[in-house]
Amino acid sequence: MSAVFTAEQLAKHDGTDPSLPIYVAIKGRVFDVSGKKEMYGPGAGYHVFAGKDASKALGKSSLKPEDCVADCSSLDEKEQKVLDDWVIFFEKRYPVVGNTA
């Protein structure tokens, strides 16, 4: 049975607390990216995604914090395809630990 994470619970998994795993959500699925702290941990290039649903940002290929939101309804067809490709990438590399509320 998968866990369900609220935005507040997910935010705690941003890598700033070393006792907690690092999670990134995409399209409502929560992935454990702890094995790649050098990419998602504090100070790392993709830390902006940690502890958030990064769907819109990934679809837009954006590293802007304001784009790290679950609502990806504004993405065009090309950006939706990019987002779907990211989901496939994450599914192959990281365990799914739950879903967002």
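Key figures
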{"item": "For peptides 34-47, 73-86, sequence by mean Cβ density within 10 Å, most packed first", "result": "34-47, 73-86"}
{"item": "Magnitude of the charge dipole, the chain, Cβ model with Lys/Arg +1 and Asp/Glu -1, debye to 20", "result": "220 debye"}
{"item": "Unit charges at the beta carbon, dipole of the chain: most positive-side option, Pro42, Ser62, Gly28", "result": "Pro42"}
{"item": "Using alpha-carbon coordinates, inclination of helix 77-93 to the longest axis of the chain, degrees", "result": "30 degrees"}
{"item": "Derived scalar couplings ³J(HN,Hα) [the range 17-32; Karplus, 6.51 cos²θ - 1.76 cosθ + 1.60; whole Hz; x for Gly, Pro]", "result": "9, x, 7, 10, x, 9, 10, 10, 9, 9, 6, x, 9, 9, 10, 8"}
{"item": "Stretchable slack from Ala44 to Thr6, in nm (0.36 nm times residue separation minus alpha-carbon distance)", "result": "11.3 nm"}
{"item": "Whether the chain is rounded, prolate or oblate, judged on the alpha carbon gyration tensor where a/c under 1.5 counts as rounded", "result": "prolate"}
{"item": "Computed [θ] at 222 nm, deg cm²/dmol, the chain (DSSP H ≥ 4; -39,500 (n - 2.57); rounded to nearest 500)", "result": "-8500 deg cm²/dmol"}
{"item": "In order through the range 11-16: 3J(HN,Hα) via Karplus (6.51 cos²θ - 1.76 cosθ + 1.60), integer Hz, x for Gly, Pro", "result": "4, 5, 9, 9, x, 7"}
{"item": "Residues with amide H under 5 Å from that of Asn99, placed H, sequence gap 5 or more", "result": "Ala3, Val4, Phe5, Val30"}
{"item": "HN-Hα J in Hz across the range 37-48 - Karplus 6.51, -1.76, 1.60, θ = phi - 60°, x for Gly and Pro", "result": "4, 5, 9, 10, x, x, x, 7, x, 9, 4, 4"}
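Just so you know, all these numbers are worked out from the coordinates, no wet-lab data involved. Predicted model only: the values in this text are computed from it and were never measured. Heads up, the Cβs are rebuilt from the backbone with ideal geometry, glycines too, and the neighbour counts pull from every protein chain shown.
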